[in-house]
Structure formats: C-alpha cells, structure tokens
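Peer 1: I have a structure here, written as structure tokens, and I will follow up with some questions on it.
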2 protein chains.
Amino acid sequence: MIGVRKLDAWKQDQNEVRKRIREGTYTGPTTGLLNGYTQANLVVLPQSLAYDFLLFCQRNPKPCPLLEVVDAGSAEPMITAPGKDLRTDLPKYIIYRNGVKEQEVTDVTDYWRDDLVSFLLGCSFTFESYMLEMGVPVRQIEEGVNVPMYVTNRECHKAGVFEGNMVVSMRPIPEEKITMAVQITSRFPAVHGAPVHIGSPEKIGIIDLRRPDFGNAVTVKPGEIPVFWACGVTPQAAIMKQKPEFVITHSPGHMFITDKTDMEFFQL
Amino acid sequence: MIGVRKLDAWKQDQNEVRKRIREGTYTGPTTGLLNGYTQANLVVLPQSLAYDFLLFCQRNPKPCPLLEVVDAGSAEPMITAPGKDLRTDLPKYIIYRNGVKEQEVTDVTDYWRDDLVSFLLGCSFTFESYMLEMGVPVRQIEEGVNVPMYVTNRECHKAGVFEGNMVVSMRPIPEEKITMAVQITSRFPAVHGAPVHIGSPEKIGIIDLRRPDFGNAVTVKPGEIPVFWACGVTPQAAIMKQKPEFVITHSPGHMFITDKTDMEFFQL
C-alpha cells in the first residue's frame, strides 16, 4: 500500500504534474491528476471565427460554459492560469484541418499562429467529484468507461456560422438521490450546471439509451432514473459541422488543468 | 383612489405600454412600467468593436451581465423579446459620436446601420423589487433619487480596447437585513449578483460616500452598513473612455422592457 501511494504521489504534486505534462513525459488522461483543481476543455480557433464562437457560447451557456477566452495569439490564460502555456501544458491535442482530424500531438508549439484564439470551457469532472463526495453515484466512473453522450432534438441558439443540436451526457441516478444531484450541479453553473432533463429519453429525442452517439453505454439499474446534463461536446460538434480551416482541441480526457480550484466555481 | 388606479392601469398593460413607447407618446422613465418584466440596459456599437466588448463582458460578468447580444444589423432580440424592435421600443436614447453626447432621441431608426450590434445588459431593478418584497429597504427609491454610484480602485479585466475600473452602486442596509440582501442578490447573477463589497468604502477606493461619481447621495442611517454592488455604468464608462466613432445607449432610467420575467433570471 505504501508503495502504491508513493508511486502515485506525483499525481497530486503541482510542480511534478505540470513539469511532466510540459516536458511530454506524461501524455495520459488527466483524470485523477491534481484533484480539486478545475480541468477545462480547450478549443483553439482562428480569429475570424472567434466572434461567432464567443457569441455561440454566450447564447448557449449550459453546453458551452466559458471559463476563459485568451487574447488572440497568446497562449497564456491570464485569468485561470497565469504563467501557464496552452501550447505545451496539456498532455495531448488534436489538430483538425477543414473539419478532418489530421493528427494527435503532445505539443502544439509548431502549429501556433498569431491569429489563434483559445477558449477554455468548464467540464463535468468538477461537479462529479462533489457528487461522489456526497454519495451520489457516477456510473461511468464505477464502470471505468466514458460517460454516454447523446445528440438531442433541442436546437441550440444559432450564432453566426455556428449551430447544432444540444448534446447531453447521461448519468443514471437512484430516485432517492435525484434531489441531491440537482442541488449539487445547480451550484456549478460554470460547468454545465443543473440537469437539462430528468426521465424519459424520448422526450429529448433519444431513441435508445443503449446506443449513445459518443462515449459508452452504462447500466441503468432498477430504481434509477436517467438524468441528462448539457455536454461540452455540443460546441465541438457545432464547430466540426462548420469544417473550419484549422482547429486545435484537447484530446478527449486529456484536459487543461487550471490554477483555479473547483470551489472557486461554486456558485453560492 | 379608483380614479388614480384607472389613470395608471395602462402602466401594467403589455399592449398599451409597448404601443405608447413605440409610437413615442410615452417618453418617460421605465420604473414602474410592466412590473415583473425584466428591464435591460442597451448598448449599440459598430461591429468592429463588438468582439472586444463581448469579451469585456465575458471577463467581467458582475458589472456586465449580458442578457442578450443581437445579430449584427438586426434590431430584434430573438431570445429576450422576439418581435420587438430596439430602434423604437425604448422611450429615450442617447447618440454619441467620438465619445461626445450628440443628442437624445425617442427613436433611432434614422441612425440605424447594418454594422450595428446591440447588447442588452441586466439592471438592478430586477433584484430591487425582490429586496422590497422581502422587507429590505432600497434607500434611493425611498428618497426618490438615482442610486449613488462610485468609481472604485478595482480594475476590470481588460479586453482588447476596453478597460477601466469597476463602478459600484451603494445601498445602505440595516445590519439585521444584510444576510437577506446578500441572499436575494446572490440568486440574480444575471443582474450583477451578490455584493462585491460590504462595509468600509475606503477599502475599495471610495473617499467620500456623500460625493458619488454618478447619481445622488443617499442617507446612511445609524445601524446601517453601506453595501456595494457591481454597476452597469462600468461598461458604459469603459466604452466612453475609448471614444468610439458611434454609440447608441438607452437614456438613463429609460430602459428596454424585455418579454422575460424577473423570475426567469432567478438562479436556483
């Protein structure tokens, strides 16, 4: 046991985690790293698309909760992680050209351009850690898979070139824990906030829970009700639909770890 | 009494209020009109400044709570008031050129341009009505003056060409009501939210409460503590500092009345 704890101790060490990611000696997912620090989705777009995307996020804050928008050309998030560098400080990135995935890389310094605008968006890791602490089960963590995600029949508010339907993530919650799941997530509007739907999947256009559009199906046990939250794949899908000339995102699960703690996004 | 009620009945009548404002037969302040409907500040800017201003609002949500950003060239707020026209549906506007007030008008149709972007921002009228309902005094309403506003020593996050210090409004609150004042306003993040400071004015750079930078001084009674909220004059001051070629705003107190109710902005 002591051996295991020692082996994993670096995972909660600020300097060590950030150094290994920056140097590229750690390129794995960020779950379990620097617990309590807020992790963020990264979307990097050419400036010509930045206004439309910022407006899309403003109009659709539940699926697109902006934590920070970095100045054009800069890779330093002055508000959520001053001194950090978005070109090196994520373990893995995806480069897209004209809507097609070109490659996965662990450093995007060579791809950087002066006209790039970086958007950091909140991620449900933040509220999931509180759900677990309060005894609300998070099924995809129990089953060791990706959260199941579904394209709904709810249209987002269009903004310039960006449009699309809302994508939701689903977590089955025991009936007696639904109140608490709503209460906890309501307190985190910066990371998708309260559920957008509770109950019948067909009411939001989901035909079969066992066939998610993204991620993996999870078990819904007797006495549990499917609960749906707005999902950060929504803005990604809206972007990809538009096939922009150039986009960088984090690789799924390989997030940016900000300097902010989850409690700083707790809405009192 | 019946006569008075009859005389004022139009003030709560949707069709009548909106018709009189649109036709220009009512050009007065909007306080007391269509109670329960959310009123908004209007800022109209050329598209060339829209990205920087949107980013300024995103980075400074407490003084700049965006209710809606309208598509460039359009005067119809599709989200908060579909079918309404921002060029005619406010009782009074101010036109600025190069940072100088040019004139006050009751209709801006003749000034409209295809490159104009309209921003609607939340206003503290929304939380004040709840404070009154819950027995928290709102001094400037009791004294029939404008809320006192002060420029603080707190810098906003800069965004492109826009920068400036936060402006706050002050309401003196009896000590035993401060908890409730914080609780009520915390539930309205879309209209400035919770106080940014409670107590000593000098801690936020205010030298003399009796000399506000905008609005009117109000009485602070024994047993009351000054409570400060982020104020919508902040973005206006940031804009005026920049002296843009062309700006339209609502005339102070002559707001846009949306179709949304205050309860729709209550953050559960």
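Peer 1: Other chains near A:228-239: what is the mean number of their Cβ atoms within 10 Å of each residue's Cβ?
Peer 2: On the way: counts 0, 0, 0, 0, 0, 0, 0, 0, 0, 0, 0, 0.
Other-chain Cβ atoms within 10 Å of each residue's Cβ, averaged: 0.
Peer 1: Largest first and to the nearest Å, give the Cα extent of chain A along each principal axis.
Peer 2: Rounded to whole Å, the extents work out to 54, 52, 35 Å.
Peer 1: Summing +1 for each Lys or Arg and -1 for each Asp or Glu, what net charge is found among the other residues whose Cβ lies under 15 Å from the Cβ of B:TYR96?
Peer 2: Numbers: positive: B:LYS92, B:ARG97, B:LYS101, B:ARG113, B:LYS241, B:LYS243; negative: B:GLU102, B:GLU104, B:GLU245.
Result for the local shell: +3.
Peer 1: Roughly what would the spin-label model give for A:ARG154 and B:ALA9, points 7 Å off Cα along C-beta, in nm?
Peer 2: 4.1 nm
Peer 1: Also, I was wondering about something else. Counting other Cβ atoms within 10 Å, keep those with at most 16, restrict to DSSP loop, and tell me which GluC sites (Glu not before Pro) in region B:113-158 are left.
Peer 2: Values: sites: B:GLU128, B:GLU133, B:GLU142, B:GLU143, B:GLU155; in loops: B:GLU143.
Hits after loop and neighbour filter: B:GLU143.
Peer 1: Another one. So what's the gap between the Cα centers of region A:56-132 and region A:223-264, to the nearest angstrom?
Peer 2: Taking the Cα centre of region A:223-264 as reference, the centre of region A:56-132 is 9 Å away.
Peer 1: Right, another one. Distance in nm between label sites at A:LYS101 and A:GLU175, each 7 Å beyond Cα in the beta-carbon direction?
Peer 2: 4.1 nm
Peer 1: Please provide three numbers in whole Å: the alpha-carbon extents of the protein assembly as shown along the principal axes, with the largest listed first.
Peer 2: The principal-axis extents, from largest down, are 79, 51, 48 Å.
Peer 1: Taking 25 Å as R0, compute the FRET efficiency from the Cβ-Cβ separation of B:GLU23 and B:VAL145 and round it to 0.05.
Peer 2: Details: r = 30 Å, r/R0 = 1.19.
Calculated value: 0.25.
Peer 1: Which semi-axis lengths, in whole Å and largest first, follow from the square roots of five times the eigenvalues of the Cα gyration tensor of region A:1-121? Let's see the in-between values first.
Peer 2: Values: eigenvalues 160, 56, 35 Å².
Result for region A:1-121: semi-axes of 28, 17, 13 Å.
Peer 1: Any idea what diffusion coefficient region A:126-235 gets from Stokes-Einstein, in µm²/s, Kirkwood Rh on alpha carbon pairs, 10 °C, 1.306 mPa s? It would help to have the intermediate numbers written out before the result.
Peer 2: Values: Rh = 14.2 Å.
Answer from the Stokes-Einstein relation: 112 µm²/s.
Peer 1: Can you check what the net charge comes to around B:LEU55, using other residues whose Cβ is under 12 Å from the Cβ of B:LEU55 (Lys, Arg +1; Asp, Glu -1)?
Peer 2: In short, -2.
Peer 1: Number of Lys pairs in region B:73-226 with C-alpha atoms less than 21 angstrom apart, excluding same-chain neighbours closer than eight positions?
Peer 2: 4
Peer 1: Toward the positive end of the charge dipole of region A:1-129, about the Cα centre and with charges on Cβ (Lys, Arg +1; Asp, Glu -1), which of A:THR126, A:ALA75, A:LEU49 goes farthest?
Peer 2: Value computed over the given set: A:THR126.
Peer 1: How far apart, in nanometres, would the label points at A:GLN267 and B:ALA217 be if each is projected 7 angstrom from Cα along the Cα-to-Cβ direction?
Peer 2: Output for this residue pair reads 3.9 nm.
Peer 1: Relative contact order for chain B: what is it in percent, counting Cα pairs under 8 Å that are at least 6 residues apart? Intermediate values should be presented prior to the final figure.
Peer 2: On the way: 558 pairs, mean separation 78.9, N = 268.
Relative contact order comes out at 29 percent.
Peer 1: Could you give the dipole magnitude of the protein assembly as shown about its Cα centre, charging the beta-carbon of Lys and Arg +1 and that of Asp and Glu -1, in debye to the nearest 20? Numbers along the way, then the final one.
Peer 2: Details: 56 positive and 64 negative charges, 82 e Å.
In total the dipole reaches around 400 debye.
Peer 1: While we're on this one: Which value, to two decimals, describes the C-alpha radius of gyration of region A:81-180 once divided by 2.2 N^0.38 Å?
Peer 2: Cα-based Rg divided by the globular estimate yields 1.42.
Peer 1: Evaluate peptide A:47-54: per residue, the Cβ atoms of other protein chains within 10 Å of its Cβ; return the mean as an integer. Spell out each step's value before the answer.
Peer 2: On the way: counts 1, 0, 0, 3, 9, 1, 0, 7.
For this peptide, the per-residue mean of nearby foreign Cβ atoms is 3.
Peer 1: Now a separate question. Which FRET efficiency value, to the nearest 0.05, do you get for A:ARG210 and B:ASP208 by plugging their Cβ-Cβ distance into 1/(1 + (r/R0)^6) with R0 = 56 Å?
Peer 2: On the way: r = 68 Å, r/R0 = 1.21.
Step by step, r from the Cβ atoms, then E = 0.25.
Peer 1: Additional query: Report the net charge of residues surrounding A:GLY164, where surrounding means a beta-carbon distance below 9 angstrom and charges are Lys +1, Arg +1, Asp -1, Glu -1. Display every interim value, and only then the final one.
Peer 2: Numbers: positive: A:LYS158, A:LYS241; negative: A:GLU155, A:GLU163.
Computed value for this residue: 0.
Peer 1: Please identify the longest segment of chain A free of exposed trypsin sites (Lys or Arg not before Pro), where exposed means a DSSP state other than H, G, I, E or B and no more than 12 other Cβ atoms within 10 Å.
Peer 2: Counting only loop sites that pass the neighbour cut-off, the longest clear stretch is A:1-112.
Peer 1: Using Cβ counts within 10 Å as a stand-in for footprinting exposure, how do B:LEU7, A:LEU49, A:LEU120 rank, fewest first? Spell out each step's value before the answer.
Peer 2: Numbers: B:LEU7 9, A:LEU49 20, A:LEU120 26.
The most exposed by this proxy come first: B:LEU7, A:LEU49, A:LEU120.
Peer 1: Could you list the GluC sites (Glu not before Pro) in region B:161-218 that lie in coil according to DSSP, counting only those with at most 11 other Cβ atoms within 10 Å of their Cβ?
Peer 2: For GluC sites (Glu not before Pro) across region B:161-218 that sit outside H, G, I, E and B with at most 11 neighbouring Cβ atoms in 10 Å, the list is empty.
Peer 1: Run the dipole for region A:126-235 about the Cα centre, Lys and Arg Cβ at +1, Asp and Glu Cβ at -1, nothing else charged, and hand back the magnitude in debye, nearest 20. Display every interim value, and only then the final one.
Peer 2: Details: 10 positive and 12 negative charges, 27 e Å.
Using Cβ point charges on Lys, Arg, Asp and Glu, region A:126-235 gives about 140 debye.
Values quoted throughout were computed directly from the atomic coordinates according to the rules given, and no laboratory measurement underlies them. Just so it is clear, the model here is predicted, and its values are computed rather than measured. Ideal geometry is used to build each Cβ from the backbone, glycine not excepted, and the neighbour counts take in all protein chains shown.
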